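First comes the structure, then the notes that go with it.
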Amino acid sequence: MPMIDIRGVTKRYGSSVVVDDLSFTAEGGQVTGFLGPNGAGKTTTMRMIVGLAAPDRGSISVHGRRYADLPVPLTEVGALLDAGAVHGGRTAYQHLWALAASNGLPRRRVDAVLARTGLAAVAGKRAGGFSLGMRQRLGIAAALLGEPRILIFDEPVNGLDPEGIRWARELMRSLAAEGRAVLVSSHLMSEMAQTADHLVVVGRGRLVADTSVSELMRAAGGGTVLVRASDPGTLTRRLAEAGATVREGVESSLLVSGLTAADVGQLAARHGVVLSELTPQRASLEDAFMELTRDSVEYQGVVA
């Protein structure tokens with residue numbers, strides 16, 4: 001199975017440690033979501049995987065080899081790290097054909113990836129006139145040129161419209177289903193929840209979590225219960241006495257944590273409080289991510 005293996009990697013720029021003793025594996029047959037706040041070291045890690053930066057310590061291998069030792073890298077690893085890294089004067093076709101020719105790939109691969117990424121109709125247009133979403137598609141097309149077993153995408157859905165985001169999600173899922181290893185970073189938690197099988201979460205360059213999506217959601221808990229009551233004041237007091245934490249929700253609801261829905265219902269019945277709603281709330285991936293990385297956020301704004 002193809003894989004990316006990162007062991008004890010550290011990268012410094014001057015006095016700043018950007019990646020700090022990071023270890024994880026992205027395996028074939030699944031989409032690995034690579035998550036973290038701005039400045040967490042995600043892009044630097046991806047650049048090190050493809051040899052654009054060198055680790056100060058540790059090792060990185062793809063298929064058990066260093067990227068620099070791959071005879072034809074484009075046939076082993078495809079990467080989209082910067083959608084703007086294209087000559088604006090070249091057409092989409094020319095850009096892809098230059099990459100194909102320099103890697104000994106047949107011209108038919110250019111036609112194939114243009115079709116797969118929905119760019120066949122604009123193949124003759126200059127890339128400099130493309131929108132960000134179209135440049136993202138062109139970058140994905142370039143990554144697919146050599147039919148690699150490993151694919152790396154850094155924020156690939158930036159600039160895509162809803163149809164494009166769904167297309168990118170289905171593409172990544174299909175690539176993983178073909179047995180390829182897909183490593184993708186994104187700040188869109190709702191999208192990662194639908195796309196990734198496995199998650200690697202980093203903060204300030206260090207590993208925070210390495211787990212499946214379902215395990216992370218379970219760990220985040222869903223210990224919040226939404227309640228609407230005939231006497232919210234009385235219920236709030238009784239819940240607090242029972243050790244629960246109660247917050248005001250929207251439309252006169254209460255958000256209760258620390259007790260299960262069954263506990264809340266029994267307590268309300270015991271004190272004669274009529275409930276019109278009692279709904280367990282499932283934690284979102286965004287909630288879990290925010291909880292995991294709350295001490296790793298470099299720039300925090302203040303909500304008035």
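Laboratory data are not the source of any read-out in this text; all were calculated from the coordinates shown. All of these numbers come straight from a predicted model, not from anything done at the bench. Every residue, glycine as well, gets a Cβ built from its backbone with ideal geometry; the counts of neighbours run over all protein chains shown.
Let a ≥ b ≥ c be the square roots of the eigenvalues of the Cα gyration tensor of the stretch 43-104; is it rounded (a/c under 1.5), or, if not, prolate (a/b larger than b/c) or oblate?
Values: a/c = 3.37, a/b = 1.66, b/c = 2.03.
Because a/c hits 1.5 or more and a/b fails to exceed b/c, the stretch 43-104 counts as oblate.
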Using a 10 angstrom cutoff on alpha carbons, build the Gaussian network for the chain and name the most mobile of ARG90, ARG204, ARG47.
ARG90
Highest GNM mean-square fluctuation, the chain, Cα pairs closer than 10 Å: which of VAL110, VAL227, VAL201?
VAL227
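Given the rule -39500 (n - 2.57) for each run of at least 4 DSSP H residues, summed and divided by the residues of the chain, what is its mean residue ellipticity at 222 nm, to the nearest 500 deg cm²/dmol? Mind dumping the intermediate values first?
Values: 10 runs with 101 residues, N = 304.
For the chain, the value works out to -10000 deg cm²/dmol.
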Could you give each residue of the stretch 188-196 its phi-based ³J(HN,Hα) in whole Hz, using Karplus coefficients 6.51, -1.76, 1.60 with θ = phi - 60°, and x for Gly or Pro?
8, 5, 5, 6, 5, 4, 8, 9, 7
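Give the range of the longest stretch in the chain that excludes all GluC sites (Glu not before Pro) found in loop regions by DSSP and having at most 15 other beta-carbon atoms within 10 Å.
Working: sites that count: GLU178, GLU251, GLU298.
Excluding the exposed sites themselves, the longest stretch runs over 1-177.
How large is the charge dipole for the chain, taken about the Cα centre, if only the Cβ atoms of Lys, Arg (+1) and Asp, Glu (-1) carry charge, to the nearest 20 debye? Please report the intermediate quantities before stating the final value.
Values: 32 positive and 31 negative charges, 194 e Å.
Charge dipole, the chain, about its Cα centre: 940 debye, nearest 20.
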Amide H proximity to GLY78 below 5 Å, modelled H, separation 5+ or other chain, gives ILE150, LEU151, ILE152
Phi-based couplings in Hz for the stretch 85-91 (Karplus 6.51, -1.76, 1.60; Gly and Pro marked x)
7, 8, 5, x, x, 8, 6
When the chain is treated as a Gaussian network with springs between alpha carbons less than 10 Å apart, the largest mean-square fluctuation among ASP154, ASP231, ASP111 is found at ASP231
Residues whose placed amide H lies under 5 Å from that of GLN30, excluding near-sequence neighbours:
VAL182
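Filter the DSSP H helices in the chain by two things, a Kyte-Doolittle mean of at least 0.5 and an axial alpha-carbon span of 15 angstrom or more, and list the hits by number. Please list the in-between numbers first.
On the way: long enough: 92-102 (16 Å, 0.46); 132-144 (18 Å, 0.76); 162-177 (22 Å, -0.30).
Span-like helices, by this rule, are 132-144.
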In terms of the alpha carbon gyration tensor, root eigenvalues a ≥ b ≥ c, rounded if a/c is under 1.5 and otherwise prolate when a/b exceeds b/c or oblate, the chain is prolate
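Quick one: length gained pulling ALA240 to GLU291 fully straight, 0.36 nm per residue minus the C-alpha distance? Mind dumping the intermediate values first?
Numbers: separation 51, 0.36 × 51 = 18.36 nm, distance 2.31 nm.
My answer for the length gained is 16.0 nm.
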Using 1/(1 + (r/R0)^6) with R0 = 25 angstrom and r between the beta carbons of ALA121 and ARG166, what's the FRET efficiency to the nearest 0.05?
0.85
